[in-house]
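Have a look at the structure below before the remarks.
The values are calculated or read from the model by the stated rules, or taken from the named source; none is laboratory data. Every value quoted in this text rests on a predicted model; they were computed, and no experiment measured them. FYI the Cβ positions are ideal-geometry reconstructions off the backbone, even for glycines, and counts take in every protein chain you see. Heavy atoms of the whole protein, side chains included, go into the accessibility calculation; ligands, DNA and RNA do not. Shrake-Rupley method; radii C 1.70, N 1.55, O 1.52, S 1.80 Å.
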Amino acid sequence: MTHREGRALRLIVLFTVLAGFVLPIVAGLWETARAAFGILPAIGAGEWSLAPWRQLFGLPGFGTSVALTLWVGFGSTIISLLLASGLCALIHGRKWARARAGRVLAPFLAAPHAALAIGLAFLLSPSGWIARLLSPWATGWNLPPDIATVNDPMGFSLIIGLLIKEVPFLFLMMMTALTQIPAENHLRAGRALGYARGLVWIKIILPQIYPLIRLPVFVVLSFALSVVDMAIILGPSNPPTLAVAMTRWFYSADIGLLLPASAAALLQSVIVLLAIGVWLLAEGIATRIGRLWVRRGGRGMVSGPFLAVAGAVTGALMLAGALALASLLVWSFAWRWSFPGFLPESWSMQAWLRPGAGWGAAFAESFGIGLCATLISILIAIAWLEGEDRAGMRRVGWAEGLIYLPLLVPQVAFLYGLSVAMLGVGLGNGRATVIWGHVLFVFPYVMVALSDPWRALDRRMVGQAATLGAGPWRRLWAVKLPILLAPILVAAAIGFAVSVAQYLPTLFLGAGRIATLTTEAVTLSSGSDRRVVGVYAVLQAALPFASYLAAWWVPRMIYRDRAGLNGGRG
Amino acid sequence: MSLELEGVVIRAARSDRPLFAPLTLTVAPGEVATVMGPSGIGKSTLVDFIGGHLSAGFAPQGRVRLDGREVTGLPAEARRIGILFQDALLFPHLSVGDNLAFGLARRIRQAGPRRMAVEAALAEAGLEGFGDRDPATLSGGQLGRVALMRTLLAEPRALLLDEPFSKLDPDRRRQMRDFVFDHVRGRNIPVLMVSHDAEDAAAAGGQILRLSELAN
């Protein structure tokens, strides 16, 4: 067989992943840690000391920032896990509901965090759509009231924003996990033993799929604890969450803040690590309690109301998300729109007609970077999967962990250190660096999306090609890739969406000089013209949607006469 | 040309116990030999081993020789051993004709003769004019005939049949069996069939070997 060639391919991929992904993350963490303890030659700091930490603890609002971070991180993760489980239990086994839920939730997976957040801010703010809908007849407001519904000090609007993104993500992960266990049979067996559908789901099925979605849950937890773009737009502003606070310090005019900011970045990693530890501990306790509960054999608990609440809350969240995205579009075409009118009094194409004002260049930048990052990621993913095939090996646990690594380590914790390390070895911070920074986060999603369809390909089909004399490369080009075209394009669309949504890698690795739709939208979101912000956010949301549409349409066009590939296995 | 198996023993990589007793067998050119055995004994694994498709999870011993030349270490694509399964396994992204062209040996170079070879194979399968069809629109019997033609166009030096007829109903089964055996006998190559069906084995007309579990 082709074990030797397989080994060479695998070594190349492993080297690429280690040198391109793991090493930079480690180097970034290392530089951050050095700066956290006083060593940052770029600003002439060269002595080990604890001063950055003392300075950090003394910064105004530090304690509140940490508390907010924990509250938002744990709160949003727990709620989204509950909602996603409830929704799964509610619709599991009902085929039409399942297909419909997937269709309704998928767009929110595609929508970039920043665009969604900007839309939500339009929706929830005191002068937003909800307030306009209720004014003045119900509220008596003729002017926007002076209350903080967005950027509220408790972070509720930030939690809502995170939920709209995370519930669909966890839901789809659970749906994928469900295909790996004989869920239908267990459901039937459980109901035959006298348990209601929802109860079987909670007692029998959830414990089986939870281990399969544990890594995605940790990704959600890590993300919620360290999110920056959404937190800038929706989160508390004074003091903000720790991740936002440290981003401000990193970009403050006062370079003396770089050291405490690095300390905060290190602290951010520790927080995520501890949070995962605490989560694991809680998992253990929940498992024990769950076992006792299952042993009691109770069938009487009514799970219906809980599931109904989960369904209703999720529905409300998705409605808010849809309105948020719609409000972006309306604002981008609005001209005069005074409170409390529900729609603008006059419309205009003004904001759209002037790409030279900035959005044209930002659009090109987002598109180009996304395209490059996606192509590179797809290439590495295919090389990785093909290497596994040729070696005839299943993926080992540490390799799976390697793929998830960039998603588990908080971005804020290593990106600044990474830009320092890059400058240290003479690599400037420019477009190429930004593209590579995006690949770091695009690749894991592409890999996760492509692995299952790749493995589901009938091995005997590939074996047939071999018996007909086709060598490994011809099997790849002429058989595997064409058959897997649809899932490859879907993985690419997901990767492109991830790239378009990236905020921090663009900011830190581009040294503030690379302006994408995302960085511009976040910058403009604080207090500038809503019409202009609307244009940026609409474009930012449109790019991923267009890529999903293309991923859906292209294989259907190419294979319109191939029933075996059309829909069925796609 | 003959296909020889010598002392073939296959065990799962993590197990000490071979799947079946050591197998030695010579199939003459033009003969259709049958290896029989209960399901689960490893008939398909044997086919994978001979064809060069065994996954890393198995540890094989023994030799496979084709016409006196050992092929045991060669990759599947270099062995030129065709395999037919009960599923036709036509490539879903290619038309019926392109599936055949994929199989057609590279010996024929020019486009014209290649197209003619494909047309001739279609005619032989009773499928004139089916070249542009989507494989998904063919019936089970038609798919089976195309799969056989695709395999034969690659000019294999031996052919393996892995339960090739087990999905068909009795009538179709007989037709398909006759079609396959007629065509392979004409090529004068050794054919090895694995099956659990005595009627298939009798129709094949060659030697019949029973795989047995290893006595403790």
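Under conditions of 25 °C and 0.890 mPa s, the protein assembly as shown yields 82 µm² s⁻¹ as its translational diffusion coefficient, taking Rh as the Kirkwood radius over Cα pairs in the Stokes-Einstein equation.
Contact order, relative form, for segment A:285-402: 10 percent (alpha carbon pairs under 8 Å, 6 or more residues apart, mean separation divided by residue count).
For chymotrypsin sites (Phe, Trp or Tyr not before Pro), the sites in segment A:113-167 that DSSP calls loop and that have at most 10 other Cβ atoms within 10 Å are A:137. Label point of residue B:6 set 7 angstrom out along Cα-Cβ; within segment B:51-76, amide nitrogens under 17 Å from it belong to B:61-74. Of the residues A:186, A:129, B:78, the one whose Cα sits farthest towards the positive end of the charge dipole of the protein assembly as shown is A:186 (charges of +1 on Lys and Arg Cβ, -1 on Asp and Glu Cβ, taken about the Cα centre).
With Cα atoms as the point set, segment A:219-309 shows a radius of gyration and Dmax of 20.1, 63 Å. One Cα centroid belongs to segment A:96-132, the other to segment A:493-570; the line between them spans 15 Å. Inter-part distance, segment A:250-272 to segment A:311-367, computed on C-alpha centroids, equals 34 Å. Treating r as the C-beta distance of residue A:96 and residue B:178 and R0 as 60 Å, the FRET efficiency rounds to 0.80. Applying 1/(1 + (r/R0)^6) with R0 = 45 Å to the Cβ-Cβ distance of residue A:481 and residue A:526, what FRET efficiency is obtained, to the nearest 0.05? Efficiency, from the Cβ-Cβ distance: 0.50.
Here the contact order of segment A:226-329, divided by its residue count and restricted to Cα pairs under 8 Å and six or more residues apart, works out to 15 percent.
Note that segment B:106-118 has calculated 3J(HN,Hα) couplings of 6, 3, 7, 9, 6, 4, x, x, 5, 5, 5, 4, 5 Hz, one per residue in order, obtained from phi through the Karplus relation 6.51 cos²θ - 1.76 cosθ + 1.60 (θ = phi - 60°); glycine and proline are x.
Compute the distance from the alpha-carbon center of segment A:386-418 to that of segment B:87-146, in whole Å. Answer, in whole Å: 43.
What accessible area, summed over both chains, is buried at the B-A interface (1.4 Å probe, Å², nearest 100)? Heavy-atom accessible area buried at this interface is about 2500 Å². Think of it as helices only: each DSSP H run of n ≥ 4 in chain B is worth -39500 (n - 2.57), and spread over all residues that comes to -10000 deg cm²/dmol at 222 nm. Here the extension length gained between residue A:513 and residue A:292 equals 73.8 nm, from 0.36 nm per residue of separation less the Cα-Cα distance. Equivalent ellipsoid of segment B:1-65: semi-axes from √(5λ) of the C-alpha gyration tensor, largest first, are 21, 13, 11 Å. May I ask for the angle, rounded to the nearest 10°, between helix B:170-187 and the longest principal axis of chain B, with both axes built from Cα atoms and the value confined to 0 to 90°? The angle comes out near 90 degrees.
Between beta-carbons, use under 14 Å as the cut-off and find the net charge around residue A:287, counting Lys and Arg +1, Asp and Glu -1. Here the count lands on +4.
For the protein assembly as shown, a crude dipole built from +1 on the beta carbon of Lys and Arg and -1 on the beta carbon of Asp and Glu, taken about the Cα centre, is about 900 debye to the nearest 20.
Between residue A:45 and A:40, the built amide H atoms are under 5 Å apart, and every one of these is 5 or more places off in sequence or on another chain. Other residues whose C-beta falls under 9 angstrom from the C-beta of residue A:331 contribute a net charge of +2, scoring Lys and Arg +1 and Asp and Glu -1. Counting only pairs 8 or more places apart or on different chains, how many lysine pairs in the protein assembly as shown have C-alpha atoms closer than 28 Å? Pairs that pass both the separation and distance tests number 6. Within the shell defined by Cβ-Cβ distances under 15 Å, the residues around residue B:21 carry a net charge of +1, with Lys and Arg each +1 and Asp and Glu each -1.
Helix-only arithmetic for chain A: the sum of -39500 (n - 2.57) across DSSP H runs with n ≥ 4, divided by the residue total, places the mean residue ellipticity at 222 nm at -23000 deg cm²/dmol.
Any number yet on Rg/Rh for segment A:379-431, C-alpha, Kirkwood? On the Cα set of segment A:379-431, Rg over Rh gives 1.14. For chain A, averaging the sequence separation of C-alpha pairs within contact (under 8 Å, six or more residues apart) and dividing by the residue count gives a relative contact order of 23 percent.
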